[in-house]
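Here the structure comes first, spelled out in structure tokens, and everything after it is commentary.
The values are calculated or read from the model by the stated rules, or taken from the named source; none is laboratory data. Keep in mind it's a predicted model, so treat the numbers as computed, not measured. As a convention, Cβ positions derive from the backbone with ideal geometry for all residues, glycine included, and neighbour counts pool all protein chains shown. The accessibility values were calculated without ligands, DNA or RNA, using every heavy atom of the protein model including side chains. Shrake-Rupley method; radii C 1.70, N 1.55, O 1.52, S 1.80 Å.
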Amino acid sequence: MATQSVEFSAPSNQTLTVRLFSAGFDTIVATATATARTNATGIYTAAFTNLTPGLYRLIGTNAAGTLLCQWWVRTLAATGNYPATETPDADSITRDRMGYLDGVLIAANFNQRTVQVTGSNHVAADIHELQPAVIQSAHFDTDALDANALAASAVAEIQSGLSTLTAAQVNAEVLDVLQTDLFGELAAVPGASSSLKDKIAFLFMLARNRVTQTSSTQTLFADNTTTPVAAATTSDVGGTFTRGEFA
């Protein structure tokens, strides 16, 4: 809870009731009884609780309702002592010229530029246009855009920009790869974790291309019949023939 103490001057030895009005309005925002300073004749303090930050007109009256003083005071949300002034402070004057009035900003000489500060001190605004590149990816929290944030129409719009190939069209593309696209032969043995294309190609070369066999080595050649592509050691021990791994 914030306590804003407003300090101002008025005729001494008075019982003062202090009322605060928002600048430009005649609705009472807050009322308090002023306390005279002990060692400063004619100086009073009035304490208010949780005032909305802003510029206020201070009116002080006695028990009979006679006006004894009027001042301007600007308060913040924090607890503190805020002195009253005869005229609004320079910042207040500048803000008023710009169009600030009781929490509402209306930028002068421009249309559709209205920002209002609500009772909860939140900014409420109708955004008419954003400058390019104002909203960046860093401004979004992780998973900020979920099913609740996207309307069905937005999902449909996204889908319209994606591929719309039918199952038959996908099949045709696969057949094109299998029947039309050409792949050259391998220059070396494919690894154990190689692509299916390379594995099939090696089996085709092993079945089709020239192969030689010596007493200790089996060699697979390229289509030109002279370039070695792979070789495997062979042996025959105790009636068991063994061909090692091609490398």
Which condition from (1) open to solvent by 40 Å² or more (accessible area, probe 1.4 Å); (2) touching a Phe, Trp or Tyr at 6+ places or on another chain (Cβ under 7 Å); (3) closer than 30 Å to residue 117 by Cβ is the one that residue 25 breaks? (2)
Looking at the structure I just gave you, is residue 133 at pLDDT below 75 and surrounded by 10 or more Cβ atoms within 10 Å (Cβ to Cβ)? no
Given (1) open to solvent by less than 70 Å² (accessible area, probe 1.4 Å); (2) over 21 Å from residue 224 (Cβ atoms); (3) in contact with a Pro (Cβ under 7 Å, 6 or more places away or on another chain), identify the lone condition not met by residue 199. (1)
Can you tell me which residue is most open to solvent (accessible area, probe 1.4 Å) among those in the stretch 42-62 that are among the polar types (S, T, N, Q) and within 20 Å of residue 85 (Cβ to Cβ)? 52
So for the stretch 209-217 (the condition being on the phi < 0 side of the Ramachandran plot, part of a strand (DSSP E or B) and of a type outside the set (Val, Ile, Thr)), does at least one residue qualify? yes
Please tell me if residue 220 is out of contact with any strand residue (DSSP E or B) (no Cβ under 9 Å at 6 or more places or on another chain) and not in a helix (DSSP H, G or I). no
